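Please read the structure below before turning to the comments.
The values are calculated or read from the model by the stated rules, or taken from the named source; none is laboratory data. Nothing here was measured: the structure is a model prediction, and the numbers come from that model. A quick note on method: Cβ atoms are made from the backbone with ideal geometry, for glycine too, and the neighbour counts reach across all protein chains shown. The area values use the complete protein model at the heavy-atom level, side chains included, leaving out ligands, DNA and RNA. Shrake-Rupley method; radii C 1.70, N 1.55, O 1.52, S 1.80 Å.
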Amino acid sequence: PGKGAGQFNLPHSVWAHTNGEIWVCDRGNDRIQIFSPTGELLRTWTNVRRPGDLYIQPDNSVVVGEMSWEKGQTSLAGNVWPADYDAEVSIRDIDGNVLTQWGEKDPCGPGGFSSPHGLWVDSKGNIYVAEVTHTALSRYNRWHEGCHSIVKYARI
């Protein structure tokens, strides 16, 4: 555990890429660390917020579930979050550049997220996002019966 290169603070997802790289969502450190098959740290994405899961598509685009920040709250790594950010899903190129992203202020609304924790993409390119909605929103008294826990985004 820790903040240093190759250390983790609440690793939340591990992906074995077809090229042999091992990708780890290091949620508490707001980063994704990418390792060689033998464990050497190759690179780190630091332009993500609390990544909960990722999925690398056949075209090497990367779908990332990113959880919200609330200004003034302290991360598990001891960092104070500088601003409010809504939870979102981003699609990035293999180098971490954002191709598109979506989310909205209302975590229970269409296109909104409370805490994207699981991602999958099917053979047609449809994206499935699973969330821990009740757990994530109850502590802020924002959860209600109409909140979703899993959403499918159809590729059109």
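Quick notes on this one:
- Residues of region 108-156 classified as modelled with pLDDT under 85, of a type in the set (Gly, Ala, Ser) and outside any loop (DSSP other than H, G, I, E, B), total: 2
- Pick from region 10-30, criterion modelled with pLDDT of 95 or more and open to solvent by 60 Å² or more (accessible area, probe 1.4 Å), ranking: nearest to Thr74 (Cα to Cα): Val14
- Pro51 vs. criteria in contact with a strand residue (DSSP E or B) (Cβ under 7 Å, 6 or more places away or on another chain) and modelled with pLDDT under 95: no
- Number of residues in region 1-35 that are under 16 Å from the mean Cα position of the chain (by Cα) and among the acidic types (Asp, Glu) equals 2.
- Criterion violated by Val80 - all others in (1) more than 24 Å from Trp45 (Cβ to Cβ); (2) open to solvent by 70 Å² or more (accessible area, probe 1.4 Å); (3) of a type outside the set (Ser, Thr, Tyr) satisfied: (1)
- Neighbours by Cβ (under 7 Å, 6+ apart or cross-chain): first from region 69-91, more than 29 Å from Val121 (Cβ to Cβ); second aliphatic (A, V, I, L, M): Lys71/Ala83; Gly72/Val80; Thr74/Val80
- Filter result (surrounded by 14 or more Cβ atoms within 10 Å (Cβ to Cβ) and farther than 18 Å from Ile32 by Cα) within region 87-103: Gly103
- Residues that are charged (D, E, K, R), closer than 27 Å to Lys152 by Cβ and surrounded by fewer than 18 Cβ atoms within 10 Å (Cβ to Cβ) are absent from region 31-52.
The rows are residues; the columns are (1) within 19 Å of Ile32 (Cβ to Cβ); (2) among the aliphatic types (A, V, I, L, M); (3) surrounded by 13 or more Cβ atoms within 10 Å (Cβ to Cβ).
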| site | (1), (2), (3) |
| --- | --- |
| Gln73 | no, no, no |
| Tyr85 | yes, no, yes |
| Cys108 | no, no, yes |
| Val121 | yes, yes, yes |
| Tyr153 | no, no, yes |
